[in-house]
Ligand SMILES: Cc1ncc(COP(=O)(O)O)c(C=O)c1O
């Protein structure tokens, strides 16, 4: 199956070029961008195309219209810089992880129709391709009834392994179907990857703050974690990684590579290569979670670490839980030189992943218009994130800071020191809003005045009223 490169409309291409000029600082914050006619001439397109591009950039929070004056640059990276200056310190010592029970409450509450779910990083059901999946479920049940009755034993449905390998080739990875193992979602990929490289008691490096599912995986596997500080843009602190590897017998480094959860960081190609060569020097495998990689707001999918792997020491984990369906529970692992061990672990853990769900995803990847769907949702997420940042600025206490992600759909919020987001969590629940309090994202109380919100919710009916209400609760 050939990877289809999403066909961009001309106005999207123009918007992307303007976005690059803004993000590279060519057009600076508060500066006016050239007028509509000038841009139309410059890009050799119609005025209408420029109007559509401007609308797109406005929705993404990059520019804003000033009546009778034109469009001005709104995007600035300052909040992320401020966020990093004030990050709490880590001890750089291995610790056991505890107190993650609240994460289960958060997930359990996602079933409640009464709550506005800012807590779990789970898109609202209107952002999933429900109709296509319903059609595909019926088709698979009708045409492949016999296949549904047997195990799809590891590595999994061969045609799906092949489709996923092709997808990864499109990300620049040198893999084929024999390098892919189907799992029950990215979380299972992560836990199998960790079991491949570390035994109970071993030391692993985690980003800080990190996705709480990783803290739970580390906890249940009896590993000890060293939490390495992260920059909201460039990700894990390379110097601290080096220090930790020199001091401890580190068995793995785990990163959410592109638009991380909760910070939204996305290291550059150079930074990724730098981390890999550093880990290679210390013989430390990298466990890479790339679950948000397809959700770049500018449409340019960042390269995964796996695409720079020359030694087979990158264990790549992913799923379609953030874009197609978390309920299908289909993910995959491309664990480099650990493929045999990983397949055996998957087999001993739960024999196989659901045959029906693998077939559905396989069919969806081939005939479900996946790229068009992803293009659509990432535009919604970009607009939601930008509107949330604006509303937080005007409704939250002075001194509040937010991350400035360029992809994904979560926002990391820092309140002034005096706030405790565990208290906010409880108060918000009374008003039927869930949030993810900061303590879930590390092994200690370091992020007491931080919290994460899920911005993949409809703006008018959920996000906007919930953020206004949180503002009121905080004041
Ligand atoms: C960074 C990250 N990795 C993994 C997962 C879990 O993915 P899955 O539902 O595919 O197991 C999540 C879900 O929130 C996540 O945010």
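The values are calculated or read from the model by the stated rules, or taken from the named source; none is laboratory data. Just so it is clear, the model here is predicted, and its values are computed rather than measured. Please note: Cβ atoms are built from the backbone with ideal geometry, for glycine as well, and neighbour counts cover all protein chains shown.
Residue 83 - would you say it is surrounded by 15 or more Cβ atoms within 10 Å (Cβ to Cβ), modelled with pLDDT under 85 and at positive phi? Criteria not met by residue 83.
Taking segment 199-217 as the range and being free of Cβ contacts under 8 Å to residues at least 60 places away in the same chain and either surrounded by fewer than 22 Cβ atoms within 10 Å (Cβ to Cβ) or within 8 Å of the ligand (Cβ to nearest atom) (or both) as the test, the residues that pass are 199, 200, 201, 202.
When 314, 324 are screened for being at negative phi and in contact with a strand residue (DSSP E or B) (Cβ under 6 Å, 6 or more places away or on another chain), only 314 passes.
This table checks each residue for (1) within 19 Å of residue 126 (Cα to Cα); (2) modelled with pLDDT under 95; (3) surrounded by fewer than 24 Cβ atoms within 10 Å (Cβ to Cβ); (4) not assigned by TED's automatic domain parsing to the domain that holds residue 105.
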residue: 388; (1), (2), (3), (4): yes, no, no, no
residue: 395; (1), (2), (3), (4): no, no, yes, no
residue: 408; (1), (2), (3), (4): yes, no, no, no
residue: 412; (1), (2), (3), (4): no, no, no, no
residue: 439; (1), (2), (3), (4): no, yes, yes, no
residue: 449; (1), (2), (3), (4): no, no, yes, no
residue: 465; (1), (2), (3), (4): yes, no, yes, no
residue: 468; (1), (2), (3), (4): no, no, yes, no
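Against the conditions (1) more than 14 Å from the ligand (Cβ to nearest atom); (2) crowded, with 23+ Cβ neighbours inside 10 Å; (3) within 18 Å of residue 318 (Cβ to Cβ), residue 244 satisfies every one except (3). Please tell me if residue 364 is under 16 Å from residue 139 (Cβ atoms), within 16 Å of the ligand (Cβ to nearest atom) and either under 22 Å from the mean Cα position of the chain (by Cα) or surrounded by fewer than 22 Cβ atoms within 10 Å (Cβ to Cβ) (or both). Judged against the criteria, residue 364 is a match.
Look at (1) touching a residue at least 60 places away in the same chain (Cβ under 8 Å); (2) more than 11 Å from the ligand (Cβ to nearest atom); (3) assigned to a helix (DSSP H, G or I) and you find that residue 228 fails only one, number (3). Exactly one residue out of 322, 306, 372 is within 22 Å of the chain's Cα centre (by Cα) and surrounded by fewer than 17 Cβ atoms within 10 Å (Cβ to Cβ), and it is 372.
Residue 119 - would you say it is at pLDDT 65 or above, surrounded by 14 or more Cβ atoms within 10 Å (Cβ to Cβ) and at positive phi? For residue 119, the condition - at pLDDT 65 or above, surrounded by 14 or more Cβ atoms within 10 Å (Cβ to Cβ) and at positive phi - is not met. Checked against (1) within 15 Å of the ligand (Cβ to nearest atom); (2) surrounded by 23 or more Cβ atoms within 10 Å (Cβ to Cβ); (3) within 30 Å of residue 141 (Cα to Cα), residue 342 meets all criteria but (1).
When 259, 297 are checked against the criterion of being in contact (Cβ under 8 Å) with a residue 24 or more places away in the chain, closer than 30 Å to residue 10 by Cα and within 15 Å of the ligand (Cβ to nearest atom), 259 stands alone in meeting it.
Going through (1) closer than 16 Å to residue 162 by Cα; (2) surrounded by fewer than 21 Cβ atoms within 10 Å (Cβ to Cβ); (3) within 10 Å of the ligand (Cβ to nearest atom) one by one, residue 331 falls short only on (2). Here residue 451 clears all of (1) part of a loop (DSSP other than H, G, I, E, B); (2) closer than 16 Å to residue 212 by Cα except the condition numbered (1).
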